[in-house]
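The values are calculated or read from the model by the stated rules, or taken from the named source; none is laboratory data. Given the structure is predicted, the values throughout are model-derived calculations rather than measurements. Please note: Cβ atoms are built from the backbone with ideal geometry, for glycine as well, and neighbour counts cover all protein chains shown.
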Amino acid sequence: MATSGSTRNKTITLSDNEIDIYSRRLLTPDGPVDRKQIQDRTICQDAFQCLRWLPEASVDLLIADPPYNLTKAFNTHTFNKRSGADYSDWLESWIKELVRVLKPEASMYICGDWRSSPSIHDVCSRYFKIHNRITWEREKGRGSKKNWKNNSEDIWYCTMSNDFTFNVDAVKLKRRVIAPYRDAAGKPKDWETQNSVNTRLTHPSNIWTDLTVPFWSMPENTEHPTQKPEKLVARLILASSNPGDMVLDPFLGSGTTSVVAKKLGRRFVGIEMDRRYCCLAEKRLEMAAANSRIQGYYDGVFWERNSGDQQARHATASAAAEPPSTPESPSPPPAGRRRQQELFS
Ligand SMILES: C[S@@+](CC[C@H](N)C(=O)[O-])C[C@H]1O[C@@H](n2cnc3c(N)ncnc32)[C@H](O)[C@@H]1O
């Protein structure tokens, strides 16, 4: 565990002064709002109060990471575990409000765990077309003496209609090739050698094992107890939206959806009832304006976990191919070194 004085601890924190500053940027509607008013904003309010004020058919992509059916404290507020039927009722009470806000071509992703997944499936099947359930491996997880350690989470993928965006080429995964087969002419079959490593771009499946839950030495980490990895949200946004589209997250937490949407050139609006978490989201949005890097997503592709060495070699090789800077353009640090610094910072 890092101490707060550790130089490797990159957790984003808030001072009292920052809370004052960021609080002033938050929106709390008390009546209907139009798209321009909410665009790129954080709404600090109970989603149940706020959803009815949002403009009709204004959202292209919904990413919802609600409290799971567990007793969990979120700073000033605790979500209490309930029966499966009551959790379904709770889900339905906000999902049915969202239908009005989503465009007919919208897509949605709803997060859960094995316990809340049956309720998500049940409610979503009443309102949306369900396409898939993504299961992702979360490395963190408490061991149990009498049960299997829970190391997985689900994301349900749905759309409003059969007319929807799915950019598969934007979410390919760069993988090391274990068996580098060649065709009869000796040419590589679907793989290439880059900087002495054989890699292949693969289609993403519905099992994701390349994610790291944010922890103290990652620059995206905050105090939020259930923060999602930026890499995970990037994959959802790239697959199911286009630049300029509007992305909504009604349970924003520390701001991951809005931050990634901003980094990828999408519009966004996030709703979160806890002021402190809203301020963390605002601070992260400000940081994203200065640095749009997403850990694990580099040069337009997703890289395997712990592939930093491969990414660095790739960065150095592509930097060597860049033209040298001219006297008219002031020279930054050598691009290879700059990119390597970004990769490992
Ligand atoms: C699972 S967390 C979301 C974490 C987020 N994906 C992130 O990466 O930080 C759920 C969030 O929903 C918020 N929340 C719970 N009930 C809410 C409500 N009725 N309206 C708005 N926010 C709510 C909690 O405060 C919590 O931050």
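Does T209 satisfy being surrounded by fewer than 21 Cβ atoms within 10 Å (Cβ to Cβ), closer than 22 Å to N75 by Cα and of a type in the set (V, I, T)? Considered against the rule, which asks whether it is surrounded by fewer than 21 Cβ atoms within 10 Å (Cβ to Cβ), closer than 22 Å to N75 by Cα and of a type in the set (V, I, T), T209 comes out as no. Among the residues of the range 95-102, is any within 12 Å of the ligand (Cβ to nearest atom), among the acidic types (D, E) and under 27 Å from F164 (Cα atoms)? Within the range 95-102, one or more residues are within 12 Å of the ligand (Cβ to nearest atom), among the acidic types (D, E) and under 27 Å from F164 (Cα atoms). Within the range 191-203, identify whether any single residue is of a type in the set (D, E), under 30 Å from P180 (Cβ atoms) and more than 9 Å from the ligand (Cβ to nearest atom), and answer yes or no. Looking for residues that are of a type in the set (D, E), under 30 Å from P180 (Cβ atoms) and more than 9 Å from the ligand (Cβ to nearest atom), one finds at least one in the range 191-203, hence yes. Could we say that I95 is part of a strand (DSSP E or B), modelled with pLDDT of 95 or more and buried (at least 16 other Cβ atoms within 10 Å of the Cβ) here? No: the conditions fail for I95. For the range 54-81, give me the residue count where each residue is touching a residue at least 12 places away in the same chain (Cβ under 8 Å), within 13 Å of the ligand (Cβ to nearest atom) and surrounded by fewer than 19 Cβ atoms within 10 Å (Cβ to Cβ). Matching residues across the range 54-81 total 8.
Scanning the range 216-240 for residues that are of a type in the set (V, I, T) and either in contact with a Pro (Cβ under 8 Å, 6 or more places away or on another chain) or within 12 Å of the ligand (Cβ to nearest atom) (or both) returns T222, T226, V233.
Looking only at the range 33-49, filter to residues that are touching a residue at least 40 places away in the same chain (Cβ under 8 Å) and over 29 Å from F166 (Cα atoms); which one of those is farthest from the ligand (Cβ to nearest atom)? I'd like the intermediate steps shown before the answer.
Kept after step one, since they are touching a residue at least 40 places away in the same chain (Cβ under 8 Å), are these residues of the range 33-49: 35, 38-48.
Applying the additional criterion that residues be over 29 Å from F166 (Cα atoms) yields 44-46, 48.
Values: C44: 9, Q45: 7, D46: 4, F48: 5 Å.
Checked the range 33-49; the qualifying residue farthest from the ligand (Cβ to nearest atom) is C44.
For the range 263-277, taking the residues that are more than 6 Å from the ligand (Cβ to nearest atom) and surrounded by fewer than 24 Cβ atoms within 10 Å (Cβ to Cβ), the one that is nearest to L14 (Cα to Cα) is identified as R276. Residues that are modelled with pLDDT of 95 or more and under 22 Å from I95 (Cα atoms) number at least 3 in the following strands (runs of 3 or more DSSP E) confined to the range 1-84: 41-44, 59-64, 77-79.
Okay, residues lined up against (1) within 16 Å of the chain's Cα centre (by Cα); (2) of a type in the set (S, T, N, Q); (3) closer than 18 Å to I95 by Cβ; (4) not assigned by TED's automatic domain parsing to the domain that holds R235:
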site: V123; (1), (2), (3), (4): no, no, yes, no
site: R126; (1), (2), (3), (4): no, no, yes, no
site: H131; (1), (2), (3), (4): no, no, yes, no
site: W136; (1), (2), (3), (4): yes, no, no, no
site: G143; (1), (2), (3), (4): no, no, no, no
site: K149; (1), (2), (3), (4): no, no, no, no
site: D154; (1), (2), (3), (4): yes, no, yes, no
site: T159; (1), (2), (3), (4): no, yes, yes, no
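The rows are residues; the columns are (1) under 30 Å from E286 (Cβ atoms); (2) in contact with a Pro (Cβ under 9 Å, 6 or more places away or on another chain); (3) free of Cβ contacts under 8 Å to residues at least 12 places away in the same chain; (4) not in a loop (DSSP other than H, G, I, E, B).
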residue: R133; (1), (2), (3), (4): no, no, no, yes
residue: K146; (1), (2), (3), (4): no, no, yes, no
residue: C158; (1), (2), (3), (4): no, no, no, yes
residue: A170; (1), (2), (3), (4): yes, no, no, yes
residue: G186; (1), (2), (3), (4): no, no, yes, no
residue: T199; (1), (2), (3), (4): no, no, no, yes
residue: P214; (1), (2), (3), (4): yes, yes, no, no
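Cβ-Cβ distances below 8 Å connect the following pairs, each with a first residue in the range 241-263 that is part of a helix (DSSP H, G or I), a second residue that is of a type in the set (S, T, Y) and surrounded by fewer than 24 Cβ atoms within 10 Å (Cβ to Cβ), and a separation of six or more residues or different chains: K262/S292; K263/S292. The residue that is surrounded by the most Cβ atoms within 10 Å (Cβ to Cβ), among those in the range 241-262 that are of a type outside the set (D, E, K, R) and more than 13 Å from the ligand (Cβ to nearest atom), is S241.
Consider the range 188-197. How many of its residues are closer than 15 Å to V301 by Cβ and either free of Cβ contacts under 8 Å to residues at least 60 places away in the same chain or among the small types (G, A, S) (or both)?
To start, the set of residues in the range 188-197 that are closer than 15 Å to V301 by Cβ comprises 190-192, 194-195, 197.
Those left that are additionally either free of Cβ contacts under 8 Å to residues at least 60 places away in the same chain or among the small types (G, A, S) (or both): 190-192.
Counting residues in the range 188-197 that are closer than 15 Å to V301 by Cβ and either free of Cβ contacts under 8 Å to residues at least 60 places away in the same chain or among the small types (G, A, S) (or both) gives 3.
For the range 220-250, a tally of residues being in contact with a strand residue (DSSP E or B) (Cβ under 6 Å, 6 or more places away or on another chain) and under 16 Å from R275 (Cα atoms) returns 2.
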